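Enquirer: What follows is a single structure, and I will ask about it in a moment.
The values are calculated or read from the model by the stated rules, or taken from the named source; none is laboratory data. In this text the structure is predicted, and so the values were computed from the model without any measurement. Counting neighbours? That spans all protein chains shown, and the Cβs are built from the backbone with ideal geometry, glycine included.
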Amino acid sequence: MRFVHWLAAAGLALAAPLAAKDTAATLWRGGTIITMDGDTPATAEAVVEREGRIVFVGPEAAARAAAGKDALLRDLKGATLLPGFVDAHSHFAIGLQTAGGLDLADPATGDTGTVPKLLAAVQRYGAKVPKGGWVVVWRYDDAQLAERRNVSRAELDAILPDRKVVLLHISLHGLIANSEALKAAKLRDGMKPPTGGVMPSDAKGKLTGLLFETAMLPVRSVLPQPTLEMRLAAMDGVQMRYAREGFTWAQDGATNPVDLAFLTSPAAQQKLKIDLALLPFAMTGIDAVLENPAMTPGARFGRVKLQGIKFTLDRSPQARTAFFTRDYALGSPDGVHPWHGQPVTSDAAFQTLARKVHERGWQIFVHANGDAAIDMAIRGFDALGIKAADNRRPIVIHSQFMRPDQLQAYARIGVGPSYFSNHTFYFADTHRRNFPNEVVDFISPFVASRAAGLIASNHSDYPVTPLDTRAQLWSAMARTSRTGVVSGEGQREDAWHALQGLTTGPAWQVFEEDQRGRIKPGLLADFVVLDRNPLTTAVDDIRAIRVLETVKEGQTIWQAGK
């Protein structure tokens with residue numbers, strides 16, 4: 001089936017040409033300018049931008065000469081200028097969906113730290129939904145409930161019996177559904193879980209409403225989808241979430257066919273102010289991508305780039321569905337022992353499909369959390385014959401629970417690990433209930449990875465954790481959990497290397513190191529302005545740094561207070 005831009009076919013207007021930028025230069029000076037260019041911290045007095053590109057970096061006197069008499073002067077007034085942050089992995093398209101529903105992470109939702117409080121919040125929100133409608137709740141996390149248990153189908157039925165209620169787990173790998181939602185998905189009591197799925201029943205054979213991995217797909221398939229108008233209306237809000245954090249490049253980390261059509265359409269292109277990388281999902285309609293002559297590796301649609309193909313080998317460690325070589329102490333999500341998780345595909349199936357996309361020149365991105373899943377990724381890359389000298393740069397997203405011996409395999413193959421240091425804050429306490437300290441302390445091993453010669457990045461996996469670049473920096477530096485426990489003292493980053501995880505690391509991983517991630521002549525004039533210098537800020541104060549301004553190709557796209 002040929003890929004069709006259904007939005008264009010629907011008669012939407014083509015994107016208007018970008019307005020011509022004034023050819024006069026802009027000179028930035030008067031603060032700390034951290035270039036991120038080189039292996040050690042480097043600063044400059046001034047930067048000159050012209051027509052969206054950096055044309056000079058160096059002493060202010062020379063910068064003034066390079067800029068010319070008509071240059072616009074931008075005084076940083078003591079603030080710090082950095083290259084625009086590069087998102088290593090998140091889910092941009094899901095942000096378009098979370099604009100609808102109840103977000104439990106939104107402070108406006110109030111306290112939902114116990115089961116009764118959570119149910120009360122869901123009931124208040126659901127009362128505004130017409131009878132028979134869907135009540136969709138985002139970022140539900142049983143590990144943060146005082147009772148340390150999942151909400152049940154019966155409890156949801158009791159508060160909203162005449163509406164379809166779904167609590168989407170924060171991992172995005174599971175959900176809780178009430179009876180009406182199960183009915184809409186044609187899920188019945190007594191049904192067996194599908195392969196790769198978790199769907200427990202109670203002692204009477206009645207489904208509890210807990211659905212994980214493949215078992216959740218029937219419910220996900222019937223959830224209401226945003227209309228074209230809703231998606232377009234949500235675009236500005238979502239991309240400004242990224243921009244206000246200093247991101248000038250975002251990623252949609254597992255793009256399904258509908259989102260691929262939308263995000264590459266003229267209508268979406270017209271609205272984008274930041275660059276966006278798409279990773280078409282290998283398990284969903286990938287043949288339509290591979291057979292379409294317009295869908296080639298690296299193809300660009302305005303600010304959108306087709307970056308690579310995304311594979312998933314396991315699931316979520318905090319949801320206890322990631323694939324390990326050791327058992328979870330707490331067992332499976334439904335309490336089965338022994339349990340070390342399971343892969344979502346076989347070695348043979350992964351290697352067959354990976355070969356298909358690899359031979360067509362696509363970069364491969366693989367989701368692997370547990371060490372057994374990482375073993376699968378390594379076996380797959382070896383089966384394809386990938387070596388570091390090939391410069392294919394396969395990326396293993398999360399690489400969360402690596403073993404030390406796997407670092408050398410990554411180096412041999414040329415893997416770029418996309419780490420997730422936020423785990424050390426949000427989920428490390430949960431992980432310690434399942435695994436020994438030496439396992440949890442090696443989460444996102446930045447220091448060991450660098451010693452092995454790897455180029456790593458750091459991501460938020462938004463909306464699994466919030467978009468917050470300062471929190472990402474802090475979690476890489478502090479590695480401290482919600483309860484104050486440090487996970488891996490020896491893997492703590494200094495500020496310089498933590499910044500690399502948001503700039504040069506992710507730029508290299510997507511073959512964009514000659515376009516972004518550094519302040520250097522010839523690169524894009526993508527900047528973020530911070531109210532203080534991260535290199536001289538105490539670790540405990542990193543999260544308090546404020547983003548003042550985000551600049552895309554010389555033009556301000558977000559500014560604090562405006």
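Enquirer: Specify the residue that is modelled with the lowest pLDDT; the eligible residues are those in the range 181-235 that are under 23 Å from D314 (Cα atoms) and assigned to a loop (DSSP other than H, G, I, E, B).
Expert: Here the answer is G196.
Enquirer: How many residues does the range 405-459 hold that are of a type in the set (G, A, S), assigned to a helix (DSSP H, G or I) and under 18 Å from W474 (Cβ atoms)? Break it down stepwise before answering.
Expert: Step one: filter the range 405-459 for residues of a type in the set (G, A, S), giving 409, 411, 414, 416, 418, 421, 428, 444, 448-449, 451-453, 456-457.
From what's left, assigned to a helix (DSSP H, G or I): 409, 411, 428, 448-449, 451.
Then drop every residue that is not under 18 Å from W474 (Cβ atoms), which leaves 428.
The qualifying residues number 1.
Enquirer: Does the range 256-270 include one or more residues that are charged (D, E, K, R) and surrounded by fewer than 16 Cβ atoms within 10 Å (Cβ to Cβ)?
Expert: Looking for residues that are charged (D, E, K, R) and surrounded by fewer than 16 Cβ atoms within 10 Å (Cβ to Cβ), one finds none in the range 256-270, hence no.
Enquirer: Sticking with this one: Check L353 against each of (1) closer than 20 Å to L172 by Cα; (2) assigned to a helix (DSSP H, G or I) and name the one condition it does not meet.
Expert: The one condition L353 does not meet is (1).
Enquirer: On to the next question. I'm trying to understand the selection: among the residues of the range 71-107, which are modelled with pLDDT of 95 or more and of a type in the set (D, E)?
Expert: Selection gives D75, D87.
Enquirer: If S171 meets every condition in (1) touching a strand residue (DSSP E or B) at 6+ places or on another chain (Cβ under 7 Å); (2) at pLDDT below 95 apart from one, which number is that one?
Expert: With respect to (1) touching a strand residue (DSSP E or B) at 6+ places or on another chain (Cβ under 7 Å); (2) at pLDDT below 95, S171 is out only on (1).
Enquirer: Considering each of V165, V136 in turn, give the residue that is aliphatic (A, V, I, L, M) and modelled with pLDDT under 95.
Expert: Selected residue: V136, the only one of V165, V136 that is aliphatic (A, V, I, L, M) and modelled with pLDDT under 95.
Enquirer: Being among the small types (G, A, S) and within 29 Å of the chain's Cα centre (by Cα) is the filter; apply it to the range 190-235 and report the residue that is surrounded by the most Cβ atoms within 10 Å (Cβ to Cβ).
Expert: Of everything passing the filter in the range 190-235, G209 is surrounded by the most Cβ atoms within 10 Å (Cβ to Cβ).
Enquirer: Then there is this: Picking from A88, A93, which residue would you name as being touching a Pro at 6+ places or on another chain (Cβ under 6 Å), crowded, with 20+ Cβ neighbours inside 10 Å, not in a strand (DSSP E or B) and not assigned by TED's automatic domain parsing to the domain that holds H459?
Expert: A88
Enquirer: Given the structure, is P417 within 22 Å of the chain's Cα centre (by Cα), surrounded by 15 or more Cβ atoms within 10 Å (Cβ to Cβ) and farther than 23 Å from L210 by Cβ?
Expert: Details: within 22 Å of the chain's Cα centre (by Cα): yes; surrounded by 15 or more Cβ atoms within 10 Å (Cβ to Cβ): yes; farther than 23 Å from L210 by Cβ: yes.
So P417 fits the description; yes.
Enquirer: Checking the conditions here, which among L313, L279 is buried (at least 23 other Cβ atoms within 10 Å of the Cβ), of a type in the set (A, V, I, L, M) and assigned by TED's automatic domain parsing to the domain that holds A383?
Expert: Residue meeting the stated conditions: L313.
Enquirer: May I ask you to say which residue of R543, R479 is over 21 Å from S449 (Cβ atoms) and either crowded, with 21+ Cβ neighbours inside 10 Å or charged (D, E, K, R) (or both)?
Expert: None of the others qualify; the one that does is R543.
Enquirer: Another question about this same structure. Are any of the residues in the range 286-304 among the aliphatic types (A, V, I, L, M), in contact with a Lys or Arg (Cβ under 9 Å, 6 or more places away or on another chain), under 17 Å from S90 (Cβ atoms) and modelled with pLDDT of 95 or more?
Expert: Scanning the range 286-304, I find no residue that is among the aliphatic types (A, V, I, L, M), in contact with a Lys or Arg (Cβ under 9 Å, 6 or more places away or on another chain), under 17 Å from S90 (Cβ atoms) and modelled with pLDDT of 95 or more, so the answer is no.
Enquirer: State which residue pairs qualify: first residue in the same structural domain as K206 (by TED's automatic domain parsing) and farther than 17 Å from L104 by Cβ and inside the range 145-170, second residue of a type in the set (S, T, N, Q) and not in a loop (DSSP other than H, G, I, E, B) in any location, beta carbons under 8 Å apart, and separation of 6 or more residues or different chains.
Expert: R153/S179; D157/S179; P161/S179
Enquirer: Among (1) of a type in the set (S, T, Y); (2) surrounded by 15 or more Cβ atoms within 10 Å (Cβ to Cβ); (3) free of Cβ contacts under 8 Å to residues at least 12 places away in the same chain, there is one condition S399 misses while meeting the rest; what is its number?
Expert: Condition (3) is where S399 drops out.
Enquirer: Checking the structure you have, find out if any residue of the range 125-140 is more than 20 Å from L217 (Cα to Cα), in a helix (DSSP H, G or I) and touching a Ser or Thr at 6+ places or on another chain (Cβ under 6 Å). Give the steps one after another, and end with the answer.
Expert: Here is the first cut: in the range 125-140, the ones more than 20 Å from L217 (Cα to Cα) are 125-132.
Still in the running and in a helix (DSSP H, G or I): 125-126.
Okay, now just the ones that are also touching a Ser or Thr at 6+ places or on another chain (Cβ under 6 Å), so none.
No, because not a single residue in the range 125-140 is more than 20 Å from L217 (Cα to Cα), in a helix (DSSP H, G or I) and touching a Ser or Thr at 6+ places or on another chain (Cβ under 6 Å).
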